[in-house]
Structures are given as structure tokens and as C-alpha cells.
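Inspection log for the structure reproduced underneath, given as C-alpha cells.
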Amino acid sequence: MIKIENLHASIDGKEILKGLNLEVKAGEIHAIMGPNGAGKSTLASVLAGREDYEVTAGSIDFDGTDLLELSTEDRAREGLFLAFQYPVEIPGVSNINFLRTALNEIREYKGQAQISAKEFMAMVREKSAIVELDSKLASRAVNEGFSGGEKKRNEIFQMAMLEPKLAVLDETDSGLDIDALRIVANGVNTLKSDQNATIVITHYQRLLDYIIPDFVHVLYDGRIVMTGTKELALELEEKGYDWIKESIDA
Amino acid sequence: MAGYTENELAKDLENQEYKFGFVTDIEADTVPIGLNEGIIRLISTKKNEPDWLLEYRLKAFAIWKEMTEPEWAHVHYQKPDFQAIAYYSAPKQTKKYESWDDVDPEMKETMKKLGISMEEQQRLTGVAVDFVMDSVSVATSFKEKLGELGVIFCSFSDAVQNHPDLVKKYMGSVVPMTDNFYAALNAAVFTDGSFCYIPKGVRCPMELSTYFRINAGGTGQFERTLVVADEGSYVSYLEGCTAPQRDENQLHAAVVELIAMDHAEIKYSTVQNWYPGDKEGKGGIFNFVTKRGMCESHAKISWTQVETGSAVTWKYPSCILKGDYSIGEFYSVAVTNNYQQADTGTKMIHLGKHTKSTIISKGISAGKSQNSYRGLVQINKAAHHARNFSQCDSLLMTDECGAHTFPYIECKNPTAKIEHEATTSKIGEDQLFYCMQRGISEEKAISLIVNGYCKEVLNQLPMEFAVEAQKLLAISLEGSVG
């Protein structure tokens, strides 16, 4: 699905990613953990194509295409989805209008016909149920006046609507109470198939009680320094990151 | 990296061409340039006007000569040379059209380019259009149907000929010739415009619409609009404006007067898309317009405007809330780009008891433009329990543009309740990135965000106008983030 090799990226001349390697295959869930400032959110931003970041070396192959050659919107249209850590508010633009515009842009890119209003509304009903999102929220302005939990659920709702090949969840668990966490995780699990893949970026192990990863990676100082299974997450929860830092820095 | 850099975007924006910049090659009957009594008499004679109107013009001219051009607005421009303008330009016609088929094909073509093909409008929307090219109204549709209800909707010249009593009674009653420099000039040299009268208790069944277009080079357009809504009547009036692309600055100094009698309601919507000048700030329309409405008791006047054009705009559609329980509303979107300057807003003059006014102003500045909101809320002594709510938002697209707000509040009655809210924001790169991460192109994203920002105002427009306004906003702002 995606193969990242020797990725170096910097912002304002400061190098954040320093030779990152990662391969995710279809049907897999990968968790990326790591201490603050390790480069987790930078990785998400670079994958999505945020302009502030400059890729200085390395390559990203996304299902046979050179991801770094694509614009932000074309990456999305190729099936890359980023669930934002801090979803922005867009006043006056309804969630429905926003999603229909997005969906039709993606369809146009793929040479498909525009979705009919009826088909679209049926889809909204079906997908909003996955994250138990009140249908009223769907007609409200994008994220405007949403609670923290509603914003995160809305991200997963959008993911369900756009049906990406690869979803990157950037700290989706932050700020969620246990019920919201369960709902979000349930949404991600429901959407999982052998055709798509998920990268879960998180600070805490608790999300991984609900979303069971196939692999857990530790990102430290711009590189993946350790890879294991879900047991690694438990170990990190228990022992913290210091022992890893020490072994790397030594 | 993929995608635009800010500089590329700014460049892209400069290359946006004015979509309506074409000249129609129609033989015109133009008077010599310059302004003097002789010219005014000539205009009056050409229009076969009654003596009282000529006197009105001459009186206005005498007043205008004593006045100086106002300078308080936050705009800078080369003052027009009033002696270098031709004050009358009419498409050359010997006789009036018998039917729509008789209309000059080239003029029809112009209307088509404007996207307001008369046939189509008649068939699809049921909008009655009074089309004003330069100074003479060339075609008025739906007259018969309106006639059955007693609604008068015709060119100003026709009204002078056929309804002189109404014109004489109301013309200048809301905007007197002494009001300001441009109003006086208009009163002296106005050539045509629209007139509308809705009889008592009649709800006008269709939107009345006028399109203005400046065609001949070196001419000014001085039209006058007078809308009179008699007791308990209702009318929705639409006004659209475009002008061809020319290097010189053209002057547009219009006067619009609305009169809403007891329990009447007038909704007046404008989409203004005059040529704004090129990316260097050369050419474009000077749009100096006086618009004002008078509300009798329980009457309501709503001004809705979407202003995307003109090099310089100076315009304050206002309401005099004279009658008790009368309501004034002002909804505005003003977009400026490149070197455009807009100084626009409203005046709400509360005279009656329990009068209410609402002001929603959305300014959008791009390029190197300057966009000012200027508003006055005046609560007079007798206006017990008057209420006003004002909201003025400014959206900045670049670092080189400017947004200014000049709200004036004068309150002479302690029972008044006045609220004012103002915000300024820069279009969010985070918002754009969010949209683009969902697969939405940058241009569509800007259009979505801006339309969302203007929603409260766009919602006030009649459906077909709202669609046009949204497209205009998108055209005016394509690639304008920087």
C-alpha cells in the first residue's frame, strides 16, 4: 500500500524526519507511538502534503504512484485520508455540502459520474450511524460549535464517506472520553477491510485496546527505532520511552 | 512541492480577466462632451421632457456648481474631469420597438453575453427585466401582466411621460438634489433609469429586475431609480450592473429612492460587477451612488448588495425609519481585489418609535485593495425603544490588502438598544489545507469558504440571483489567497 524509504523532512530549515522507513500493506493496521517531538505529526503532515514541510530526501511509493509528486488534493483523490488532530471549523459551510463537494471532486478525478442527491443522502445516513453521529450534525457547519468528541467522530464519519485506501489517524484519541474513544475505535474497526490500511498515530496505549494493531512502531528523533506487535505498546505504557531513548542515544 | 506557493497564487490572481469586457458596436446618439446649461437643455429636449423637469435639472445644476467633491471617504482616485464626459448616449433608434423581435440583434447579443438573454429570462424565471444600456431603457417585459395588477414598471423616461404626477410627487423626496455632490450632479444630468409603483395591497408576483450596462466610451451613466410601494404592498427589486473593459475611468453616479408606505415592504437586491480596472489599477468604473429608502409606519426596507466590481465604490444604501415600528435591513458583501477601493456601508436613521435595524456587512479584501465599512446608526430623540444590531466582518486574503471599519453611533434616546460586533480574520491556510486534504481543489475550497463566510447575506438574495452572486464571488477571488 505505502512504502516510505529514507524520508527526510524539515520545517523552517530544521530537520524533523531523519531517514524514516515504513511499509504498510493492504489489510494492516500500524500504530506509531513515540515521545513528544519525535516527529509523529510531521509524518502525518508530510504524507498529506502540507506545504510548510520540505522533503529533502527519500521516497514514498503509494500503491504504485510517487506520492511526493502529487498535490495535496490529488493525494486525497488517490485515497489518502488524514484524520486531523485539530479539525478546523469552516463557518457557513454545511458538513453535507463539504462532503458532497469532496466526494464529487474525487469521483471526477476518477472519471466517475457525480453522485445523485438521493444516493448521497442514503450514504450519509448509513455512514453517520457507524460513528453514532447525530444526523443533525451532518447539516451543521463543518465542525462549528462541535465538542472535541464530535469533531473526532466527524473525522471518522468523513473517512467512512470518502472510503480511502490509506487512513492516517493523527492523535485521534486525544481529548476523548472513554465512550467517545470506543465509538471512534468501533468506527475504524468497522471500516477495516483487506483492501485498505490504517496508520494510527498515538501517544497513549489505551486506543490500542480498541483498535488492535498488527504492528507497533516507535518513532524517536525522526526515525523508527523499534518495531513490534501490540505487546510493545503495553511495554511502552508500563516503562515509558526513557529506556528506548537511552538505548538509542547511547 | 506540489500545489501553489503564495506568490504563484498572487500572480494567478492578477491574470484573472474581466469576463464582461466586450464592447457592443451599436450606433449611438451622443451629445458633445462637457457640462453646461446648454447640454442640460439638449438632454431635456431630446427626451421631450415637461418644463418642470427641465427646471428641476437646471436648479440642481446651479446647486452642484456651488458644491465640492466629497473627500472624507477612505478612497484615493484621480477626480473625474466633469467637462470631459459626454452626458448623454443613447443607442440610435428612430422608433420604439413594437415587439421583442424588433430589438437590434447586436443588442440582444450583448444581453446574451451578460447571461441575461431576455427570452430565457422570460421563459424560465418569470423575471420582468428593464434593460438599461447607457442611458435609454430599450426593452421592458411583462408589462401587460403587471399592468393587470396596476403595477407600473417602466423606464424613468416613460414614467415622466405617462405618470408625471407620481414622478413629480416622489422624485427627490428621499434624496433631495441638495443631498450631496453626486446626487446633485445626477439630478441635473440623469438620462434614464427605472420607475416602479406598486398599488395599495398588491403583492408583486414576480421579481422586478433591471440590468444596467455602460457601453459607449467616455460616457457617464447617471440613472435614477424610483420605487414607490403603496400601503400594504410588497415588491422585490433586482439590479445588476456590468460594464465593458476600457482604459479610461468611467463615472457612474446613480440615485435610487425607495418609498415604503404604511405596512409596505421593499426588498432591493444589487449585484454590482462593473469593470474594476486592470491588475495595475488602470481604468475601471467610479461608482458613486446614493441609495436611500423611506419607511412609513410598520414598513420594511431591505437592502442586499453583492459588490464585486468598480475601481472605486462609494455607496451607502440607507433607511430613514420615519414611521413607528418600521424596519430597515442592510446585508452586504463587498469584494475588492488588485487596486480596487470600496468605501461602503449604510445609514440607519431611527426617527419613529420601536424602529428596528439590522446591519450585516461582510468585506473581503484581496490583492492590494482597500475595503472599508462605514456605517451610521442614528437614534433620534423621539425614537423610543429603537433597536439596532450591527455585525461587520472583514476577511483578508493577502498581506497587502486593507480592511477598515468606521462605525458611527449617535444615540439621543436612552431606551435604545444598540449592538455592534466586528471581526477581522485572514483566510485560514488550515481551512484550505483541510479542504484540499479531502480532495477539494484550492479554487473550490476558496469558493466554499468565502461563500460560507457570506452565507447570511447570500441567503437574502432571491434564488437565481444568489447563484449568480456565488459565481461572481468565485470569479473575483479565484486563486486570491496569499
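Note on the range A:59-131 and the range B:147-191: Cα centroid distance 54 Å, given to the nearest whole angstrom. For the range B:265-275, backbone phi angles converted through the Karplus equation (6.51, -1.76, 1.60; θ = phi - 60°) give residue-by-residue couplings of 9, 10, 10, 10, 10, 10, 10, 10, 9, 4, 4 Hz, Gly and Pro being listed as x. Available extension along the chain between A:Asn186 and A:Asp12 is 58.8 nm, counting 0.36 nm per residue and deducting the alpha carbon span. With θ taken as phi - 60° and the Karplus curve 6.51 cos²θ - 1.76 cosθ + 1.60 applied, the whole-hertz 3J(HN,Hα) list for the range A:23-37 is 10, 10, 9, 4, x, 9, 10, 10, 9, 10, 10, x, x, 4, x Hz, x standing for glycine and proline. In the range A:1-130, the C-alpha radius of gyration followed by the widest Cα-Cα span (Dmax) gives 17.0, 49 angstrom.
Counting only other chains, what is the mean number of Cβ atoms within 10 angstrom of the Cβ of each residue in peptide B:424-437? If you can, show how the numbers build up before the last one.
On the way: counts 0, 1, 0, 0, 3, 4, 7, 6, 4, 10, 11, 11, 12, 16.
For this peptide, the per-residue mean of nearby foreign Cβ atoms is 6.
Each residue, B:Tyr408 and A:Tyr241, gets one label point 7 Å from its Cα in the Cβ direction; the gap between the two is 6.0 nm.
Each listed q (0.10 Å⁻¹) maps to a log10 I(q)/I(0) for chain A, found by the Debye formula over equal Cα scatterers with no solvent: -0.48. The interface between chain A and chain B buries about 2500 Å² of solvent-accessible area in total (1.4 Å probe, ligands and nucleic acids excluded). Taken along the Cα-to-beta-carbon direction at a fixed 7 Å, the label points for B:Ser173 and A:Ile178 span 7.4 nm. Coupling constants for the range B:329-338 follow from the phi torsions by the Karplus curve (6.51 cos²θ - 1.76 cosθ + 1.60, θ = phi - 60°), and in residue order they are 9, 9, 10, 9, 10, 10, 10, 10, 9, 6 Hz; glycine and proline get x.
Its alpha carbons give the range B:382-482 an Rg and a Dmax of 17.6, 57 Å. Using a probe of 1.4 Å on the protein chains alone, the accessible area found for A:Asp209 is around 90 Å².
The trypsin sites (Lys or Arg not before Pro) found in the range B:382-419 that occupy coil by DSSP, while having at most 14 further C-beta atoms within 10 Å, are B:Lys412. In this label model, A:Val225 and B:Phe181 are separated by 7.2 nm, measuring between points 7 Å along each Cα→Cβ vector.
The simple Förster model, with R0 at 45 Å and r as the Cβ-Cβ distance, assigns B:Ala422 and B:Leu166 a FRET efficiency of 0.65.
Determine the relative contact order of chain A: mean sequence separation of Cα pairs under 8 Å and six or more apart, normalised by residue count, in whole percent.
On the way: 439 pairs, mean separation 70.2, N = 250.
The value is 28 percent.
Do any of B:Lys59/B:Lys267; A:Lys14/A:Lys245; B:Lys47/B:Lys145; B:Lys353/B:Lys455; B:Lys145/B:Lys267; A:Lys40/A:Lys230 go past 23 Å between their Cα atoms, and which? List each step's numbers first, then the result.
Working: B:Lys59/B:Lys267 32 Å; A:Lys14/A:Lys245 20 Å; B:Lys47/B:Lys145 27 Å; B:Lys353/B:Lys455 31 Å; B:Lys145/B:Lys267 20 Å; A:Lys40/A:Lys230 18 Å.
Result: B:Lys59/B:Lys267; B:Lys47/B:Lys145; B:Lys353/B:Lys455 exceed 23 Å.
Taking every alpha-carbon pair under 8 Å whose residues sit at least 6 apart, the range A:1-57 reaches a relative contact order of 41 percent.
Taking amide H atoms as placed 1.01 Å from N in the peptide plane, the amide H of B:Met294 lies under 5 Å from those of B:Leu258, B:Ile259, B:Ala260, B:Ile320, each 5 or more residues away in sequence or on another chain. Less than 5 angstrom separates the built amide H of B:Val271 from those of B:Glu239, B:Gly240, B:Cys241, B:Val306, all sequence-distant by 5 or more or on a different chain. Scanning residues 5 or more positions from B:Phe389 or on other chains, those with amide H under 5 Å from its amide H are B:Ser357, B:Thr358, B:Ile359, B:Glu419, with H placed 1.01 Å from N in the peptide plane.
For the peptides A:165-174, B:167-176, the ranking by packing is A:165-174, B:167-176, with the highest mean count of neighbouring Cβ atoms within 10 Å listed first.
The values are calculated or read from the model by the stated rules, or taken from the named source; none is laboratory data. Everything numeric in this text was worked out from a predicted model, so none of it was measured. Positions of Cβ are backbone-derived with ideal geometry, glycine not excepted, and every protein chain shown enters the neighbour counts. Surface accessibility is based on the protein's heavy atoms, side chains included, excluding ligands, DNA and RNA. Shrake-Rupley method; radii C 1.70, N 1.55, O 1.52, S 1.80 Å.
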